[in-house]
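The values are calculated or read from the model by the stated rules, or taken from the named source; none is laboratory data. What you see is a predicted model, and the numbers here were worked out from it, not measured in a lab. In this analysis, Cβ positions are derived from the backbone assuming ideal geometry, glycine residues included, and neighbour counts consider all displayed protein chains.
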């Protein structure tokens, strides 16, 4: 099988691992889930079942005040066959609109989505961006700021009030944003910092925990998952050399 990289962005900012903003790990008790996950642990490591969460969500194009209730497990397929040529994979990113590293990497997901469209597999992926507010001086966000960051709208509060959200790298982000200014979901998942990237299989099992994705590998890992069992699409055909 030939591997191709649909996510490498030559114009992307390089991130030094030592420069990533890291917050203290929060202790969490691992629960056991029993619904079609073979009793695997709940967590964010590869092979774990991603924790469920409920929050208010916003889709691009909706009014700033138009948020709706969203629960992760209601948008997963707990009866997924395990055939990677079927089902919808989920990309999760934790970000803080005042985080400089989140700002610099903001073009990653919109670039990836454009390539998924080009390869005819956009319907195989859903994006969930969880907007948090880290307990750091200068990190004060709002619903208005979250939507402005999501859609690149005029708002002067991004990057610790030093930049207008409309000037961030990349295009309007695909998928939905979840309001986690309370950090409730962040504490449940306990990532090391922001940004933090994950890919879930259609049934919610973590297929890849990329953390800050300093090597810009999210596209490679997503390709490997989608095309693991082949597939009738341009991406998997190119991977297999057909």
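Mind listing just one residue for me: the one in region 201-215 that is under 27 Å from residue 100 (Cα atoms) and over 13 Å from the mean Cα position of the chain (by Cα) and, of those, surrounded by the most Cβ atoms within 10 Å (Cβ to Cβ)?
Among residues in region 201-215 that are under 27 Å from residue 100 (Cα atoms) and over 13 Å from the mean Cα position of the chain (by Cα), the one surrounded by the most Cβ atoms within 10 Å (Cβ to Cβ) is 214.
Being assigned to a loop (DSSP other than H, G, I, E, B) and buried (at least 22 other Cβ atoms within 10 Å of the Cβ) is the filter here, so list the residues in region 222-236 that pass it.
227
In a strand (DSSP E or B), at pLDDT 95 or above, closer than 16 Å to residue 124 by Cα and touching a helix residue (DSSP H, G or I) at 6+ places or on another chain (Cβ under 8 Å): which single residue out of 219, 207 fits that description?
Unique residue meeting the criteria: 207.
Kindly indicate whether residue 48 is surrounded by 14 or more Cβ atoms within 10 Å (Cβ to Cβ) and more than 24 Å from residue 108 (Cβ to Cβ).
no
Could you tell me which numbered condition residue 122 fails, if it satisfies all but one of (1) under 14 Å from the mean Cα position of the chain (by Cα); (2) under 22 Å from residue 221 (Cα atoms)?
Of (1) under 14 Å from the mean Cα position of the chain (by Cα); (2) under 22 Å from residue 221 (Cα atoms), only one is false for residue 122: (1).
Within region 213-238, count every residue that is without any contact (Cβ under 8 Å) to a residue 40 or more places away in the chain and over 19 Å from residue 197 (Cβ atoms).
Counting residues in region 213-238 that are without any contact (Cβ under 8 Å) to a residue 40 or more places away in the chain and over 19 Å from residue 197 (Cβ atoms) gives 1.
Looking at (1) in a loop (DSSP other than H, G, I, E, B); (2) modelled with pLDDT of 95 or more, find the lone condition where residue 27 falls short.
(2)
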